[in-house]
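**Student:** Structure incoming, see below.
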Amino acid sequence: MTRKELFKNTLRKSVHAWKLINELPLSDDESLMLRHFMDQPGFLDLHWRMFVPAIKGQGTEEQKQKWLPLANKMQIIGCYAQTELGHGSNVQGLETTATFDPQTDQFILHSPTQTSSKWWPGGLGKVSTHAVIYARLITDGKDHGVHGFIVQLRNMDDHSPLPGITIGDIGVKFGNGAYNSMDNGFLMFDKFCIPRDQMLMRLSKVTREGKYVPSDVPRQLMYGTMVSVRQTIVSNASIAMARAVCIATRYSAVRRQFGSQNGGIETQVIDYKTQQNRLFPLLASAYAFRFVGEWLKWLYTDVTQRLEASDFATLPEAHACTAGLKSMTTSATSDGIEECRKLCGGHGYLWCSGLPELFAVYVPACTYEGDNVVLQLQVARFLMKTVSQLGSGKAPAGTTAYMGRAKHLLQCRSSIRKAEDWLNPAMVLETFEARALRMAVSCANNLSKFENQEQGFSELLADLVEAAIAHCQLIVVSKFIVKLEGEIKGKGVKNQLKNLCYIYALHLIHKHLGDFLSTNSITSEQASLANHQLRSLYTQVRPNAVALVDAFDYTDHYLGSVLGRYDGNVYPKLFEEALKDPLNDTVVPDGYHEYIRPLIKQHLRSARL
Ligand SMILES: CC/C=C\C/C=C\C/C=C\C/C=C\C/C=C\C/C=C\C=C\C(=O)SCCNC(=O)CCNC(=O)[C@H](O)C(C)(C)COP(=O)(O)OP(=O)(O)OC[C@H]1O[C@@H](n2cnc3c(N)ncnc32)[C@H](O)[C@@H]1OP(=O)(O)O
Ligand SMILES: Cc1cc2nc3c(=O)[nH]c(=O)nc-3n(C[C@H](O)[C@H](O)[C@H](O)COP(=O)(O)OP(=O)(O)OC[C@H]3O[C@@H](n4cnc5c(N)ncnc54)[C@H](O)[C@@H]3O)c2cc1C
């Protein structure tokens, strides 16, 4: 499809999804999944995942009563317009202004510079009628920083941009189909006026006289929409990883290459230890991210309930966990999808394998909702603050509770003596706790050598990111262990998931061996025992590998992959797909007479001359 056809087809699918959601008795989760799977990157996702939650989280009761009925019936279509051409990560650096005019009781929205143009918001370019706009609030000449405003962008009768608004799509993005179904847009304001009551005023407000009343709650609640989406992105990572692993595992069981003894059948590539060493940790990660995503959803729900009771105690933890786990899981999943493509050899590079499209659609997850490095630095900031409070009498809680055992964890030596010890949850957990704590404390100690803490933080950014990742990996391992010890029913299933839990943990030890050795969390002998155990676990998982991906229960339609077909009928279907390609409409290609024939016949022409 051309970009316009793809975009229009996505509109069709999105509207169809909305129709089904209204007709079928679906739960909220089912509606979300339907929107997500039918819509893929489309305006529907952002209307519901960002525009509506922003109003819910930052609007007053009156504003919610006015705007949510319209949004819930999709009588208005909204987007979340925060990022600008010149600023995305640095939210406090946004330049769009909203200046209060007491004469007219209005805000004047303006884009003072080219870099202040809104740039990237999904659904902004062509579809949305409204937006939550983040702009610098200015009253009586004073800049009060970034606040949210609900703004109508288009005429509701003919969809034309309102006067004072310049709006459009930012152009083609990475990959073929991929995110090009989404109209990520640009928007400039030219002294565009909105009524004062369109500033989202749950957190802070401006009175009729133009007096700014600051928030009596943490200003960071303005970031709440991003926190909620980051939480969902972790579960999305599990889905995306599971799709890629399902394709690669099924194909690895179908594909045979080398290894035939005296003319016998060749070896399934899934039986090669290198294939297992690359594939099974990704299979384990798909399950690990699902379980940590379930826990994160609980954490987010819990903090939301606490916030409603003005209990802000766990807000920093919720921010750190959503930021860090979004960062870690999306980076691992992006790398994992690419690895699955490579695990499928040449056929993995075919569009019909489903992997190129999945990769192209998925990888912006490392950037949207927060650049992954920037988010890990938020985790690092949280860890440094926690380490600085050790010994203050305030015991660390939640995911940093292990830091409360710093005295032990800083000097303990792992008691791993044999390979089987690496199947002991307490020993595995303590190894990850020791590594994470020692990396955090090492950063804190190095930071303390700087007079200027901000300068020290800047100097140590790379180390701080690694310490943050170590903390996040500990969270994922611990939640996998908790899941196993708690909710999993059925001995057979539990045994298989135990194998995956330890494959996940031990592959991380192998991958980050430098951390574990340099912090003396394990010895090289213990590392060798971990590798030995890992190989043994691969052997145990191998007979159930296909069953473990069948368990995701993805339809062939959803997988969109000839290589990942449930029936394994790959080769005939590859040919079927190939013959559908327009290039095969004729046996002699278009261009033969203009280019090929003159080229191959030029010797005849020169012979005649
Ligand atoms: C099946 C799947 C297959 C394929 C996928 C298919 C299709 C995809 C479809 C769906 C996928 C799922 C979801 C898609 C959804 C989204 C994608 C589309 C849209 C994307 C939207 C966006 O990108 S919206 C814009 C996002 N932008 C950001 O995230 C900006 C990042 N920057 C920041 O967050 C902040 O600027 C900062 C945190 C980096 C800095 O904050 P700042 O205030 O400037 O300063 P600091 O001094 O650092 O912080 C001050 C204190 O505030 C605390 N803080 C910061 N942020 C928060 C927060 N969010 N909550 C709570 N507290 C916060 C910070 O810790 C500091 O606290 P101290 O106590 O230390 O002072
Ligand atoms: C597909 C897609 C959809 C999007 N949808 C939306 C949307 O709907 N609404 C919306 O508002 N936005 C949206 N965005 C924008 C997105 O939120 C931003 O791109 C994202 O927050 C990253 O910010 P940035 O582009 O400014 O990156 P930058 O921060 O400029 O990152 C560039 C590089 O600088 C590094 N860097 C930046 N700051 C620091 C630092 N302090 N320390 C160390 N390194 C640093 C980063 O790690 C990165 O390597 C979307 C983006 C994409 C790709």
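The values are calculated or read from the model by the stated rules, or taken from the named source; none is laboratory data. Since this is a predicted model, take the numbers as computed values, not measurements. Backbone-built Cβ (ideal geometry, glycine too); neighbour counts: all protein chains shown. Note: accessible area is taken over every heavy atom of the protein model, side chains too, but ligands, DNA and RNA are not part of it. Shrake-Rupley method; radii C 1.70, N 1.55, O 1.52, S 1.80 Å.
**Student:** Of the residues in segment 556-595, how many are within 19 Å of E357 (Cα to Cα) and open to solvent by less than 80 Å² (accessible area, probe 1.4 Å)?
**Tutor:** 15
**Student:** Considering each of S458, S528, S521 in turn, give the residue that is more than 22 Å from N544 (Cβ to Cβ), among the small types (G, A, S) and in a loop (DSSP other than H, G, I, E, B).
**Tutor:** So the residue among S458, S528, S521 that is more than 22 Å from N544 (Cβ to Cβ), among the small types (G, A, S) and in a loop (DSSP other than H, G, I, E, B) is S521.
**Student:** Of the numbered conditions (1) buried (at least 17 other Cβ atoms within 10 Å of the Cβ); (2) over 21 Å from S327 (Cα atoms), F432 satisfies every one except a single condition; which is it?
**Tutor:** Among (1) buried (at least 17 other Cβ atoms within 10 Å of the Cβ); (2) over 21 Å from S327 (Cα atoms), F432 violates only (2).
**Student:** Just checking: which of the strands (runs of 3 or more DSSP E) contained wholly in segment 151-259 hold 1 or more residues that are within 28 Å of Q58 (Cβ to Cβ) and touching a Cys at 6+ places or on another chain (Cβ under 9 Å)?
**Tutor:** 185-189
**Student:** Follow-up. Against the condition within 16 Å of ligand 2 (Cβ to nearest atom), surrounded by 17 or more Cβ atoms within 10 Å (Cβ to Cβ) and closer than 24 Å to K479 by Cα, how does F359 come out, does it pass?
**Tutor:** no
**Student:** Kindly indicate whether A135 is under 27 Å from A309 (Cβ atoms) and either of a type outside the set (F, W, Y) or open to solvent by 30 Å² or more (accessible area, probe 1.4 Å) (or both).
**Tutor:** So A135 fails the test.
**Student:** Would you please name the residue that is farthest from ligand 1 (Cβ to nearest atom), looking only at residues in segment 90-108 that are in contact with a helix residue (DSSP H, G or I) (Cβ under 7 Å, 6 or more places away or on another chain) and either under 16 Å from G122 (Cα atoms) or of a type in the set (D, E) (or both)?
**Tutor:** So the residue we want is D105.
**Student:** Separate question: For segment 67-93, which residues satisfy the criterion of being among the charged types (D, E, K, R) and free of Cβ contacts under 8 Å to residues at least 24 places away in the same chain?
**Tutor:** Result: K73, single match.
**Student:** Check Q82, Q63 and return the single one that is at pLDDT 95 or above and near ligand 1 (Cβ under 10 Å from one of its atoms).
**Tutor:** After ruling out the rest, the residue left standing is Q82.
Condition check ((1) in contact with a helix residue (DSSP H, G or I) (Cβ under 6 Å, 6 or more places away or on another chain); (2) more than 18 Å from E577 (Cβ to Cβ); (3) near ligand 2 (Cβ under 9 Å from one of its atoms)) across all residues:
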position: G346; (1), (2), (3): no, no, no
position: C352; (1), (2), (3): yes, no, no
position: G370; (1), (2), (3): no, yes, yes
position: V374; (1), (2), (3): no, yes, yes
position: L377; (1), (2), (3): no, yes, yes
position: A380; (1), (2), (3): yes, yes, no
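**Student:** So in segment 461-490, with the set limited to residues that are outside any helix (DSSP H, G or I) and of a type outside the set (D, E), which one is farthest from M439 (Cα to Cα)?
**Tutor:** Step by step, filter segment 461-490, then rank; the result is G490.
**Student:** Condition first: over 27 Å from the mean Cα position of the chain (by Cα), outside any loop (DSSP other than H, G, I, E, B), away from ligand 1 (no atom under 13 Å from the Cβ) and in contact (Cβ under 8 Å) with a residue 60 or more places away in the chain. Now tell me which residues in segment 136-150 satisfy that.
**Tutor:** L137, T139, K142, H144, listed by residue number.
**Student:** Any idea which residue in segment 21-53 is surrounded by the fewest Cβ atoms within 10 Å (Cβ to Cβ), counting only those that are over 18 Å from A71 (Cβ atoms) and modelled with pLDDT of 90 or more?
**Tutor:** If we take residues in segment 21-53 being over 18 Å from A71 (Cβ atoms) and modelled with pLDDT of 90 or more, then E23 is surrounded by the fewest Cβ atoms within 10 Å (Cβ to Cβ).
**Student:** With the structure loaded, tell me whether L109 is more than 16 Å from V213 (Cα to Cα) and open to solvent by less than 20 Å² (accessible area, probe 1.4 Å) or whether it fails that test.
**Tutor:** yes
**Student:** OK, next. With the checklist (1) within 16 Å of ligand 1 (Cβ to nearest atom); (2) at pLDDT below 95 in hand, flag the one item G263 doesn't pass.
**Tutor:** Tallying (1) within 16 Å of ligand 1 (Cβ to nearest atom); (2) at pLDDT below 95, G263 fails exactly one: (1).
**Student:** Of the conditions (1) assigned to a helix (DSSP H, G or I); (2) among the polar types (S, T, N, Q); (3) more than 15 Å from ligand 1 (Cβ to nearest atom), S414 fails just one. Which one is it?
**Tutor:** Condition (1) is where S414 drops out.
**Student:** Out of (1) within 16 Å of ligand 1 (Cβ to nearest atom); (2) under 23 Å from E84 (Cα atoms); (3) open to solvent by less than 60 Å² (accessible area, probe 1.4 Å), what's the single condition that is false for I194?
**Tutor:** If we test I194 against (1) within 16 Å of ligand 1 (Cβ to nearest atom); (2) under 23 Å from E84 (Cα atoms); (3) open to solvent by less than 60 Å² (accessible area, probe 1.4 Å), just (1) comes out false.
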